[in-house]
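Colleague: Provided herewith is a single structure, encoded as structure tokens, for subsequent inquiry.
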Amino acid sequence: MIDTIVAGLETKDINGIIKSTKMRGTRSWSTASIQRDYDLGNLRIKVIENAKTNLYAVTLEGSLNKYIHGNNVKSCTRLEIKEAITEISDLIEQPIYDATVYRIDIGRVFVTEHTPSLYNLKLSHSGRYKKSMYNDFDTLYFSVSNRELIFYDKAKEVKPKAYIPKELIFDNLLRYEFRLRRKISEYLKRQVIVRDLFNKEFYCILLNMYEGEYFKVVKNPQPILSVKPSTKILTNFFALWGIKHFGGIHNAREMIKDLSKEHGLNAVEKKRLLDKVDLIATHQDILDSDDLIEELNRKVRRAVEFYL
């Protein structure tokens, strides 16, 4: 499920890159700095020569899924990543597995029962992330300075359609990506090198992060009353729906704990409020589940379980 990466290292010799790639272009920043761009399949290799030190800064960037499968509708496994990195290192004669990682995108395409825009409309907000919606709800971003969640209609994004596997050409394709765009070492509290991407322990950390960030997104369920209404049932129905819209029972209880500190509630007052939330939660049977949300939740869980 790891897809796009950006990684870099320093080297004294780029003959392997010159022999195994196609040059795209050259730029000069100054008399002491020249940039050369090379293509290796769909991957881009940027080489900046420092004439003063006789060293080359080599940056590899692009989609590992596209390099391995020719598209990123299919997802590559941890072992496929290892094989690809070994192959790339051999081809360009550089130890790419020791390169420092500056960006990681983790993504998966889900075949959904309905058009992706309907699922995007259900995704409300997530913590400090800024929400942006584009293309008639086909594309949804949740962004902060160094991280990003993206949900979009993959079938509409892929051009030409030949890059979509034939068995999926007529399906609804929703892609969810979690992007660590920069300051990865600061966010993960450790330096990340390319060989970490196929290390089982670190790979599991990334996939669990992918799943965790998805479930932090507060969903907007469609309220569906499953029983004959009464005054009491309607009160519980709207209270339960409000808690679900807020992010669930856990978030509601945490809010009460914060409010207790902020407003100086005593232990008895705090307990009464928490008990009230727990009581509301016992009436789950009057609120039918939202099929679209349940479907997407299930698909994200299963995908992570499959690739772990």
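Here, each number is a calculation from the coordinates, and none is a lab measurement. Source: prediction; values computed, not measured. Cβ: placed from backbone, ideal geometry, glycine included. Neighbour counts: every protein chain shown.
Colleague: Compute the Rg to Rh ratio over segment 29-77 from the alpha carbon atoms, using the Kirkwood formula for Rh, and round to two decimal places.
Modeller: Rounded to two decimals, Rg over Rh is 1.19.
Colleague: Output the Kirkwood hydrodynamic radius of segment 51-155, Cα pairs only, in Å rounded to one decimal. Please list the in-between numbers first.
Modeller: On the way: mean 1/r = 0.0598 Å⁻¹.
About 16.7 Å for segment 51-155.
Colleague: Right, something else. Quick one: grab the alpha carbon gyration tensor of segment 110-268, order the square roots of its eigenvalues as a ≥ b ≥ c, and give me rounded if a/c is under 1.5, else prolate or oblate depending on whether a/b is larger than b/c.
Modeller: Oblate shape, in that a/c is at least 1.5 and b/c is the bigger or equal ratio.
Colleague: Tell me the Kirkwood hydrodynamic radius of segment 1-124 in angstroms, computed as one over the mean inverse distance between distinct C-alpha pairs.
Modeller: 16.1 Å
Colleague: Please sort 94-107, 196-209 by packing, taking for each peptide the average over its residues of neighbouring beta carbons within 10 angstrom, highest first.
Modeller: On the way: 94-107: 19.4, 196-209: 16.4.
Ranked by mean Cβ neighbours within 10 Å, highest first: 94-107, 196-209.
Colleague: Once each part is reduced to its C-alpha centroid, what is the distance from segment 236-308 to segment 84-160 in angstrom?
Modeller: Segment 236-308 and segment 84-160 have Cα centres spaced 28 Å from each other.
Colleague: Cα gyration tensor of segment 167-238, axes a ≥ b ≥ c as square roots of the eigenvalues: rounded (a/c below 1.5), prolate (a/b > b/c) or oblate?
Modeller: prolate
Colleague: Take each of the peptides 229-236, 47-54, average the number of other beta-carbon atoms within 10 Å over its residues, and list them starting from the highest.
Modeller: Descending mean neighbour count gives 47-54, 229-236.
Colleague: Using the Cα atoms as the points, what is the convex hull volume per residue of the chain in Å³?
Modeller: 180 Å³
Colleague: For the chain, what is the mean residue ellipticity at 222 nm derived from helices alone (per DSSP H run of n ≥ 4: -39500 (n - 2.57); sum divided by total residues; nearest 500 deg cm²/dmol)?
Modeller: Calculated from helices alone, the mean residue ellipticity at 222 nm is -12000 deg cm²/dmol.
Colleague: Any aspartates and glutamates with Cα under 14 Å of the LYS261 Cα? List them, leaving off those in the same chain fewer than 8 positions away.
Modeller: Partners within reach: GLU269.
Colleague: Could you work out the relative contact order of the chain, using alpha carbon pairs under 8 angstrom and six or more residues apart, expressed as a whole percent? Don't jump to the answer; show the numbers that get you there.
Modeller: Working: 540 pairs, mean separation 50.9, N = 308.
Normalised by residue count, the contact order of the chain is 17 percent.
Colleague: Can you list the aspartates and glutamates whose alpha carbon is less than 14 Å from that of LYS189, not counting same-chain residues fewer than 8 positions off?
Modeller: none
Colleague: Okay, next question. Over segment 231-289, with a single point scatterer placed on each C-alpha, what log10 of the ratio I(q)/I(0) does the Debye formula yield at q = 0.16, 0.18, 0.25, 0.29 1/Å?
Modeller: One equal scatterer on each Cα of segment 231-289 leads to -0.51, -0.62, -1.00, -1.17.
Colleague: May I ask which of LYS22/LYS131; LYS232/LYS270; LYS219/LYS270 have a Cα-Cα span longer than 29 Å here?
Modeller: Flagged as over cut-off: LYS22/LYS131.
Colleague: By the gyration tensor of its Cα atoms, with a ≥ b ≥ c the square roots of the eigenvalues, what is the shape of segment 100-191: rounded for a/c under 1.5, prolate for a/b over b/c, or oblate?
Modeller: Oblate shape, in that a/c is at least 1.5 and b/c is the bigger or equal ratio.
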